[in-house]
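Every number in this text was worked out from the coordinates using simple rules, so none of it is lab data. These figures come from a predicted structure and were not determined experimentally. Here Cβ is always computed from backbone atoms with ideal geometry, including for glycine, and neighbour counts include all displayed protein chains.
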Amino acid sequence: MLELTDVTVRFGEVPAVAGVSHRVEAGSWLGLIGPNGAGKTSLLRACARLVEHTGRVAVDDLDLRTASRRALARLVAYVPQHPELPPDMTVAEYVLLGRTPHVGFFSAETVHDRVVCAGLLDRLDLAAKAERRLVTLSGGELQRAVLARALAQQAPVLLMDEPTSALDFGRRVDALELVDQLRVERNLTVVSAMHDLTLAGQFADHLLLLAAGAIAASGPPAEVLTEDVLTSHFGTAVHVLATSDGDIVVAPRRYQARPRVP
Amino acid sequence: MTESGAGTGAAATGLPAQVLGHRRATGPLLVATGVLLGAAALGVSIGPADLPLSEVARVLASHLPFVHLHVNPTDDAIVWQVRFPRVVLGAMVGAMLSGGGAAYQGVFRNPLADPYLLGVAAGAGLGATVAIVHGTGTHLLLPLSAFIGAALAVALTYALGAGGSRQSSTGAIVLAGVAVAALFTSVQTFLLQRHSQSLEEVYTWILGRLSSATWGDVGLMAPYALVSAVVLLLHRRLLDVLRVGEDEAESLGVRAERVRIVVVVAATLGTASAVAVSGLIGFIGIIVPHTVRLAAGGSYRRVLPVSMVAGGAFLILADVVARTLQSPAEVPIGVVTAFVGAPFFLFVLRSRRAQQGVR
């Protein structure tokens with residue numbers, strides 16, 4: 001269970017995140033949506049204690065400020081939007097980095113650590129590329145490697161910043177479905193910032209729409225993904241449709257009709 | 001610290017062995033050790049006095065405990081008092097400069113970082129200049145002065161450069177190092193201008209040499225080298241984690257700032273002690289780690305230990321070249337390493353550009 005209380009992040013005078021409070025139930029998925037600059041990344045980084053902030057972030061009632069870096073890494077795994085990928089590192093070595101919070105200071109990884117990583121490489125379809133260097137991977141493969149590394153931390157809270165932007169349509173769904181499966185299996189608490197509103201609506205239990213650092217809308221997808229709310233905050237007209245499965249699809253409404261090519 | 005991996009783990013879980021991560025360091029390490037021993041043998045056997053190999057072996061054996069062999073006292077002096085300490089010191093200095101270079105490359109995540117980055121060279125140079133200029137007769141004061149100069153320079157660099165936001169810290173430290181080096185060098189130049197008779201002696205010192213190596217020098221350097229080596233080797237796994245950047249390393253539970261300080265202090269100790277007894281031998285901190293990376297991959301679990309051993313071997317061999325090229329005169333060893341190093345530098349730059357171009 002992740003609890004945010006009045007979290008504020010300032011860069012100079014302007015607050016990137018202005019007093020956000022929210023409680024994410026254990027095992028649920030919170031989607032962060034909002035226009036560029038709304039504070040989604042800053043909020044995630046504050047939760048991972050990677051940026052100065054005021055306010056309280058607590059996991060299962062433990063204030064993260066009181067935790068050591070190591071303890072924090074065992075509780076919160078963070079998938080950055082632009083990860084740093086050392087070109088000469090192999091995929092296996094990279095994913096094994098995820099076990100760092102569990103490896104003793106003067107020790108090396110154990111067989112258990114390697115088994116965990118091998119399993120994740122399998123599930124994320126990277127087993128064949130395990131010994132390849134990161135520089136040889138495609139964008140999509142790199143994103144899966146980053147996800148594998150975060151999952152290797154086996155932390156109860158998973159924070160993801162645009163985790164699927166480089167993946168193709170099919171792999172995007174596969175990656176999110178995997179996260180969802182693991183969420184159910186391990187009771188993970190997932191918070192993800194996503195630009196794709198439809199996918200956000202399909203996978204998240206609850207959506208937070210951020211605007212200028214504050215919560216502009218909060219609720220289940222059906223309540224937040226409405227034409228009024230989206231149009232006023234994203235500044236563009238949208239279609240909001242419901243599928244037969246009960247999913248919500250958000251599509252942009254084109255400005256002008258395009259002449260049909262016969 | 002074992003590198004568990006392939007073997008039993010794979011069999012037990014039924015997973016393919018290659019998925020289970022890191023290549024062992026033992027292979028490259030054995031090769032490097034072999035080269036080191038070969039270089040040492042060469043270093044001890046070669047010299048202006050033509051001694052047969054068997055005689056050299058006898059002299060060395062006679063110094064083993066419980067071995068009683070009669071050897072010619074002159075031969076003993078040459079091998080045991082002149083050549084052997086020189087080889088041992090060469091190995092230690094080479095190890096410290098290479099290990100320090102690899103460590104700095106890891107901490108600053110810059111492949112062109114060398115152990116002199118934070119002003120060690122300029123600080124030691126100033127310390128040595130002060131000692132030489134003031135005509136100190138004692139053999140001990142020169143290394144001490146150089147060591148203190150180096151340590152002061154790094155401390156000043158760190159004080160000026162560290163602090164501030166996480167992102168700017170590393171860059172700021174490097175820039176502070178440039179500024180401190182310039183400052184110390186200018187003071188050194190000023191001193192030399194006023195005491196121009198010391199110019200040659202200072203310059204000789206700067207070029208670096210192992211020619212006056214004694215067991216005393218070895219003893220002087222040994223404790224620092226040992227501490228430095230142990231601390232650096234203990235942190236090699238953490239240096240690997242730092243390869244993804246400080247931010248992500250922090251999110252993985254590593255306190256990047258603390259690792260950086262510890263590694264910088266340890267590497268500086270080793271480098272300063274090496275410089276104190278042998279002057280400023282350049283390029284090793286870049287040549288050796290990069291060559292090791294080309295051969296054994298970029299992981300610091302391999303690069304750090306293998307660089308130390310290979311660095312020792314490299315310097316011994318460079319020293320052999322330095323003293324045989326114009327025998328019985330000696331070419332300053334810094335010239336030999338620069339001769340090999342400068343083209344190597346360019347090679348590294350080109351290959352990195354090519355690599356980035358391909359991406």
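In the elastic network of chain B, a GNM with C-alpha springs shorter than 10 Å, the most mobile of B:122, B:57, B:276 is B:57. Applying a length cut-off of 15 Å (Cα extent along the axis) and a mean Kyte-Doolittle floor of 1.6 to the DSSP H helices of chain A leaves no helix. Counted over the stretch A:2-252 with a bin width of 10 Å, the fraction of Cα pairs per bin, in whole percents, is 7, 31, 35, 21, 6, 0. Legend: ranking of residues B:195, B:70, A:206 from fewest to most surrounding C-beta atoms inside 10 Å; resulting order B:70, B:195, A:206. Using only alpha carbons, the stretch A:44-175 has a radius of gyration to Kirkwood radius ratio (Rg to Rh) of 0.98. How far is the Cα center of the stretch B:215-259 from the Cα center of the stretch A:25-78, in Å? Centre-to-centre (Cα) distance: 30 Å.
Restricting the count to DSSP beta bridges whose residues both fall in the protein assembly as shown, what percent are antiparallel, rounded to a multiple of 5? Can you show the working numbers first?
Details: 25 of 42 bridges.
So the antiparallel bridges amount to about 60 percent of the total.
Shown here is the pair-distance distribution of the stretch A:76-125: with all Cα-Cα distances grouped in 10 Å bins from zero up to the longest one, the shares run 21, 52, 26, 1 percent.
Please give the FRET efficiency for residue B:33 paired with residue A:227, using the beta carbon to beta carbon distance and R0 = 60 Å, rounded to the nearest 0.05. So the FRET efficiency works out to roughly 0.25.
Could you give the length gained by full extension between residue B:354 and residue B:64, i.e. 0.36 nm per residue of separation minus their alpha carbon distance, to one decimal place? Don't skip to the answer; put the middle values down first.
Working: separation 290, 0.36 × 290 = 104.40 nm, distance 5.17 nm.
My answer for the length gained is 99.2 nm.
Taking GluC sites (Glu not before Pro) in DSSP loop states with no more than 15 other Cβ atoms inside 10 Å as exposed sites, chain A has its longest site-free stretch at A:132-262.
May I ask you to work out the translational diffusion coefficient for the stretch B:76-115 at 20 °C, viscosity 1.002 mPa s, via Stokes-Einstein with Rh from the Kirkwood sum over Cα pairs, reported in whole µm²/s? In µm²/s, the coefficient is 188.
Just how far, in whole angstrom, is the stretch B:285-359 from the stretch B:86-142 if you go by their alpha carbon centroids? Going from one Cα centre to the other spans 16 Å.
Can you put A:122, B:319, A:228 in order, fewest other beta carbons within 10 Å first? Kindly include the intermediate steps, with their values, before the conclusion.
Numbers: A:122 16, B:319 31, A:228 10.
So the ranking, lowest neighbour count to highest, is A:228, A:122, B:319.
The stretch between residue A:169 and residue A:10 holds 53.7 nm of extra length on full extension. This uses 0.36 nm per residue minus the Cα-Cα distance.
Hey, got the average number of other protein chain Cβ atoms within 10 angstrom for residues in A:86-92? Write down the numbers at each step before the final one.
Numbers: counts 8, 7, 6, 6, 7, 2, 6.
The mean count of partner-chain Cβ atoms within 10 Å per residue comes to 6.
Compared with the rule-of-thumb size 2.2 N^0.38 Å for a compact globular protein, the stretch A:1-120 has a Cα radius of gyration ratio of 1.21.
As a footprinting exposure proxy, order B:96, A:160, A:1 by other Cβ within 10 Å, with the fewest listed first.
In order of increasing Cβ crowding within 10 Å: A:1, A:160, B:96.
Partner shielding of B:249-262 amounts to 5, given as the average count of beta-carbon atoms from other chains within 10 Å of each residue beta-carbon. Taken over the C-alpha atoms, chain B has Rg and Dmax values of 21.6, 74 angstrom. In terms of Cα atoms, the Rg and Dmax of the protein assembly as shown work out to 29.7, 105 Å.
Using only C-alpha positions, report the orientation-averaged shadow area of the convex hull of the stretch B:25-162, nm², one decimal. Don't skip to the answer; put the middle values down first.
Details: hull surface 50.4 nm².
For the stretch B:25-162, averaging the hull's shadow over all directions gives 12.6 nm².
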